[in-house]
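**Student:** Structure incoming, see below.
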Amino acid sequence: MLKPVLSCLLLLLPCAHGLALRIATGELPPYATQARPDQGVALQIVRRAFALAGHQVEYQFMPWTRALEESANGRWDATAYWGNNPERNARFLASDTVLVEQWVFVHRRDMRFDWNTLADLQPYRLAIIANYTYTPEMWQLLHQGRLQGDATPDDLLALRKLLARRVEVVPIERNVACYLLARHFRPAEAEKLQVHPRLLTDRFTTHLLLPRRQPASAALLADFNRGLQQLKASGEHARLLKGVGCPRGW
């Protein structure tokens, strides 16, 4: 009989002798964060889906760009969680949908703002974070100079810029905005901001990404998708998504 370690090497799969899958991630509360006991809603969904498939996970927090690059190069077993685009699909296997985000435009209440198409955003300065997915159409307009992008490191600073009138519109995920406003701003400050009811997109699915260069990735993907399906069927997935408060009027 093959010894356990040797058999794992031959199968090129993670061993079931206490080694956890190592998943690279970053800060995006309430979905991924070191500030919560569950490390965030999305990371808890990933953890529970893998657990149902017999795997433990261990998260390593780092800047998002680094998480993506190091995972693509095979340093980590996977990275969570990301929107899908052709560039990432070339380097990663993408899981079934972990959750669907609601991307919106936030502006100050004292500024009249409306939009129907992305071209309507041309007069406004937008806080833009370099490694975010947004939508292909939005990035195309930014690269063409048809939208005004103000380079911003993270969502928290984007909201602070908005209150300071350094930008006029912030594209942001609704629950991320609500979480940050509740924890980093006074209620009077949060109430100065308003969300436009039109979504940037209603199809922003997010996924676990596994590096194509790793031989174990295909088997891990199948395990994860199976566990995720069980999580959704049991109702636990829906329960994990509940519970982020937003300012009045949102």
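The values are calculated or read from the model by the stated rules, or taken from the named source; none is laboratory data. Note that the coordinates shown come from a computational prediction; the quantities given were computed from them, not determined experimentally. Reconstructed Cβ throughout: ideal geometry from the backbone, glycine too, with neighbour counts over all protein chains shown.
**Student:** Kindly indicate which of Leu231, Leu220, Leu209 is assigned to a strand (DSSP E or B) and within 24 Å of Ala80 (Cβ to Cβ). If you could, list the steps in order and put the result at the bottom.
**Tutor:** Numbers: Leu231 fails: assigned to a strand (DSSP E or B); Leu220 fails: assigned to a strand (DSSP E or B).
That would be Leu209, the only listed residue that is assigned to a strand (DSSP E or B) and within 24 Å of Ala80 (Cβ to Cβ).
Conditions (1) surrounded by 14 or more Cβ atoms within 10 Å (Cβ to Cβ); (2) more than 15 Å from Leu208 (Cα to Cα); (3) modelled with pLDDT of 95 or more, marked per residue:
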| residue | (1), (2), (3) |
| --- | --- |
| Pro14 | yes, yes, no |
| Ile23 | yes, no, yes |
| Gln44 | yes, no, yes |
| Arg47 | yes, no, yes |
| Tyr59 | yes, no, yes |
| Arg75 | yes, yes, yes |
| Ala78 | yes, no, yes |
| Glu101 | yes, no, no |
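**Student:** Hey, does the stretch 83-97 have a residue that's aliphatic (A, V, I, L, M) and touching an Asp or Glu at 6+ places or on another chain (Cβ under 8 Å)?
**Tutor:** Step one: of the stretch 83-97, the residues aliphatic (A, V, I, L, M) are 90, 93-94.
Of the ones still in play, those that are also touching an Asp or Glu at 6+ places or on another chain (Cβ under 8 Å) are none.
Taking every residue of the stretch 83-97 in turn, none turns out to be aliphatic (A, V, I, L, M) and touching an Asp or Glu at 6+ places or on another chain (Cβ under 8 Å).
**Student:** On to the next question. Tally time: how many residues in the stretch 37-88 are of a type outside the set (A, V, I, L, M), in contact (Cβ under 8 Å) with a residue 60 or more places away in the chain and part of a helix (DSSP H, G or I)?
**Tutor:** Adding up the residues that qualify gives 7.
**Student:** A follow-up question, please. Can you list the strands (runs of 3 or more DSSP E) lying wholly within the stretch 105-204 that have 1 or more residues being in the same structural domain as Tyr81 (by TED's automatic domain parsing), within 25 Å of Gly40 (Cβ to Cβ) and modelled with pLDDT under 95?
**Tutor:** Values: elements: 125-128, 148-151, 170-173, 193-195.
Counting at least 1 such residues, we get no strands (runs of 3 or more DSSP E) at all.
**Student:** Test Thr97 against the stated conditions and say whether it is among the polar types (S, T, N, Q), surrounded by fewer than 18 Cβ atoms within 10 Å (Cβ to Cβ) and outside any helix (DSSP H, G or I).
**Tutor:** Details: among the polar types (S, T, N, Q): yes; surrounded by fewer than 18 Cβ atoms within 10 Å (Cβ to Cβ): yes; outside any helix (DSSP H, G or I): yes.
Yes; evaluated as a whole, the condition is true for this residue.
**Student:** Condition first: of a type in the set (Gly, Ala, Ser) and within 30 Å of Ala233 (Cβ to Cβ). Now tell me which residues in the stretch 85-114 satisfy that.
**Tutor:** Initially, the stretch 85-114 is screened for residues of a type in the set (Gly, Ala, Ser), giving 90, 94-95.
Of everything in the stretch 85-114, those that are of a type in the set (Gly, Ala, Ser) and within 30 Å of Ala233 (Cβ to Cβ) turn out to be Ala94, Ser95.
**Student:** Since Ala151 meets every condition but one in (1) exposed (fewer than 15 other Cβ atoms within 10 Å of the Cβ); (2) over 25 Å from Asp120 (Cβ atoms); (3) hydrophobic (A, V, I, L, M, F, W, C), which condition does it not meet?
**Tutor:** So Ala151 meets the others, but not (2).
**Student:** With respect to the numbered conditions (1) modelled with pLDDT of 95 or more; (2) assigned to a helix (DSSP H, G or I), which one is the sole condition not fulfilled by Leu6?
**Tutor:** That leaves (1) as the condition not met.
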